[in-house]
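Structure, as structure tokens:
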Amino acid sequence: MELLRAEGLAIGYGSRIITEGIELSLERGKIMTLVGPNGAGKSTLLKSVTGQIPLIRGKVLLEGKDLRTLSPKETARKIAMVLTDRVRPELTSCRELVAMGRYPYTGLMGRLEKEDLEKIDEALAQVRVTDLSDRDFSTLSDGQRQRVLLARALCQEPSLLVLDEPTAYLDIRYKIELLEILRRMAKEKNMAILMSLHEIDLAMKVSDLMLPVKEGRIPRPVTPEEFISQNTTEDLFDIDSASLRRWYHEL
């Protein structure tokens, strides 16, 4: 079932267009990963699709509704984001940080009910950070922080989870562990995931669809198999095909 659709998007800042003619569709339970060089517009696209940056042209539909017609609370119940900015709240326990994900569901006083507390416990358990509940968030390693931030996002019970370079700052062990959690959550929660990654090999392992992003041009999403067969890596990063094959052969 289609959850997200972008039609005829032109994105950028103010009147300056970075990329236009963007069309994409993402179903529940699927993962789409944006790949491309630094500065190509991956973060801009993610922020545009989620309404953080105004669209220059086009529209984004979430469950068939124009995203611009949804209230902030409605949007927060449907979309959760984990960005690359390093969150460093002071004197905040991991449990308190994860609890922030329940605020779209609380009343004016922000009171957490029994159901909210259960959702917090569930989110902590899903990403295996229950043992960190009482730890000050600022004392955690980068890998632990990423998992706690993911727990906060899951606590929102979103239909769409958006992550901007979630494996940044992580060593390979935590990269793989985090992506395994995302894959499991997409299936178990029937959640759509839209994210950006630098690592092409990891993107191919975890993604159902890959969206090559190059400044000024974003083609249609492709499967990992199509990505390889079309020599997309060489085109994205302006690498000579013969040189790339020779480099792999010499490894």
Reported set for the range 50-73 where residues are among the basic types (Lys, Arg) and touching a residue at least 12 places away in the same chain (Cβ under 8 Å) is Arg57, Lys59, Arg68, Lys73
Taking the range 128-163 and the residues there that are touching a residue at least 12 places away in the same chain (Cβ under 8 Å) and of a type in the set (Asp, Glu), the one that is nearest to Thr106 (Cα to Cα) would be Glu157
Checked against (1) within 30 Å of Arg135 (Cα to Cα); (2) under 15 Å from the mean Cα position of the chain (by Cα); (3) acidic (Asp, Glu), Glu27 satisfies every condition except (1)
Within the range 17-33, of all residues that are of a type outside the set (S, T, N, Q) and at pLDDT below 95, the one farthest from Phe227 (Cα to Cα) is Ile17
Wholly inside the range 181-248, helices (runs of 4 or more DSSP H) that include 2 or more residues that are modelled with pLDDT of 80 or more and closer than 22 Å to Glu165 by Cβ are 200-206, 224-229
Expected single match for touching a residue at least 40 places away in the same chain (Cβ under 8 Å), of a type in the set (Gly, Ala, Ser), under 22 Å from Leu182 (Cβ atoms) and not in a helix (DSSP H, G or I) among Ala80, Ala76, Ala99 is Ala80
The residue from Gly8, Gly51, Gly12 that alone is surrounded by fewer than 13 Cβ atoms within 10 Å (Cβ to Cβ), touching a strand residue (DSSP E or B) at 6+ places or on another chain (Cβ under 9 Å) and at positive phi is Gly8
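The values are calculated or read from the model by the stated rules, or taken from the named source; none is laboratory data. Remember, predicted model here, so these are calculated numbers, not experimental data. Cβ: placed from backbone, ideal geometry, glycine included. Neighbour counts: every protein chain shown.
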